[in-house]
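K.L.:
Pasting a structure here, questions to come.
The values are calculated or read from the model by the stated rules, or taken from the named source; none is laboratory data. Computed from a predicted model, the values in this text were never measured in an experiment. Cβ atoms come from the backbone with ideal geometry, glycine included; neighbour counts cover every protein chain shown. Heads up: the accessible areas ignore ligands, DNA and RNA and are worked out on the full protein's heavy atoms, side chains in. Shrake-Rupley method; radii C 1.70, N 1.55, O 1.52, S 1.80 Å.
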Amino acid sequence: RVPVTRCRPFLRCQPPPCCWSVPPLPSGSVRAAASTAVPAADASDLESVSVASLPVSERRLQEFLEAEVTHFAAMKRRPATLEDLLHAAASPRRAAAQVRQELPKHFAARLRQIEELPGWKQDASLSDLHARYRQSFQELRMTEMEDDLAHFTAVVRRLKQRQRKALSLIGEVLNRRRESVHGADKDFWMEWLNKFLQSRICTEMLTSQYIEIISQMEAGRTAITGIVDPECDPATICRNAAEAARTLCQTHMCFSPTVEIEVRTKRSHAFSYIP
């Protein structure tokens, strides 16, 4: 049931604002509850009604969601930073709020990007990609953050799984349009891909951070950092890489070179890093 404020009689048929946040609704015909909660100054202009039942068709619901896509696509977006991820690690609810606030903007922008491409509806890969982002946008916007984050977490896991095929679908599109990609439209495609992939990196970081925070909380960890490694040691990474190279040389060339890792500092050289 969706709380809706009763409007003046002659405005009663107008749709809600495009940024109206709706909770989970069943498919097909849905029902919304109308409430009489209004400011005291306008109470005299309204009819006295307790609770009414307002049917909302699936087509009308899709119109609301389409309006929301337009609304969110126009919002300002910014890339996720290390500071953002560490700030979200303070609590699962803060991380969830960050996901719910930022992902719809990026998904809506990507939907509009796909729709910019000529013939996208006739392209099976682009249509599939568009459907995946639209479904993820709809599920995210129609899911409320309750006291128990289990349902919201399940939605985030589903959409993350759904988006795994995004890069392969884009690859199929580029392969079919390679004459355009490597020809006169090269600059357009470079800009299109840069915007699309930067947005994807941001949402992948936010969703991965949220899921990892939930996992660390469930595991009983006290130091919650999510995907951020607060003690990344470059010397250790170099030693591991050198050992892997030595093993490959021994396997394929029958000799193992000597590799020395030298650290020229007396202070700690560890730093926070996002893998």
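K.L.:
Just to be sure I understand, how many residues within the stretch 77-99 are closer than 14 Å to Ile201 by Cα, outside any helix (DSSP H, G or I) and open to solvent by less than 50 Å² (accessible area, probe 1.4 Å)?
P.N.:
Residues in the stretch 77-99 being closer than 14 Å to Ile201 by Cα, outside any helix (DSSP H, G or I) and open to solvent by less than 50 Å² (accessible area, probe 1.4 Å): 1 in total.
K.L.:
When the stretch 242-257 is examined, which residues are found to be of a type in the set (A, V, I, L, M, F, W, C) and loosely packed, with under 12 Cβ neighbours inside 10 Å? Can you show your working first?
P.N.:
Going through the stretch 242-257, the residues of a type in the set (A, V, I, L, M, F, W, C) turn out to be 242, 244-245, 248-249, 253-255.
Scanning the stretch 242-257 gives Ala244, Leu248, Met253, Cys254, Phe255.
K.L.:
Still on this structure: For the list (1) open to solvent by 40 Å² or more (accessible area, probe 1.4 Å); (2) of a type in the set (D, E, K, R); (3) not in a loop (DSSP other than H, G, I, E, B), I need the number of the one condition that Glu260 fails.
P.N.:
Among (1) open to solvent by 40 Å² or more (accessible area, probe 1.4 Å); (2) of a type in the set (D, E, K, R); (3) not in a loop (DSSP other than H, G, I, E, B), the lone unmet condition for Glu260 is (3).
K.L.:
Quick one: count up the residues across the stretch 263-275 that are assigned to a loop (DSSP other than H, G, I, E, B), closer than 20 Å to Asp229 by Cα and open to solvent by 90 Å² or more (accessible area, probe 1.4 Å).
P.N.:
The total comes to 3.
K.L.:
Any idea which of (1) touching an Asp or Glu at 6+ places or on another chain (Cβ under 9 Å); (2) aliphatic (A, V, I, L, M); (3) surrounded by fewer than 17 Cβ atoms within 10 Å (Cβ to Cβ); (4) touching a residue at least 40 places away in the same chain (Cβ under 8 Å) is the one Met217 doesn't satisfy?
P.N.:
Result: Met217 passes all but (1).
K.L.:
Would you confirm, using the coordinates I've provided, whether Arg264 is of a type in the set (Lys, Arg) and in contact (Cβ under 8 Å) with a residue 40 or more places away in the chain? If you could, list the steps in order and put the result at the bottom.
P.N.:
Values: of a type in the set (Lys, Arg): yes; in contact (Cβ under 8 Å) with a residue 40 or more places away in the chain: no.
The answer is no for Arg264.
K.L.:
For the stretch 169-214, give me the residue count where each residue is more than 23 Å from Arg112 (Cα to Cα) and either open to solvent by less than 40 Å² (accessible area, probe 1.4 Å) or touching a helix residue (DSSP H, G or I) at 6+ places or on another chain (Cβ under 6 Å) (or both).
P.N.:
Count: 7.
K.L.:
Follow-up. Among the residues that make up the stretch 100-109, is at least one of them more than 12 Å from the chain's Cα centre (by Cα), under 17 Å from Thr207 (Cα atoms) and surrounded by fewer than 19 Cβ atoms within 10 Å (Cβ to Cβ)?
P.N.:
No - not one qualifying residue is present in the stretch 100-109.
K.L.:
Test each condition in (1) within 30 Å of Ile170 (Cα to Cα); (2) not in a helix (DSSP H, G or I) for Tyr210 and report the one that comes out false.
P.N.:
The single condition Tyr210 does not satisfy is (2).
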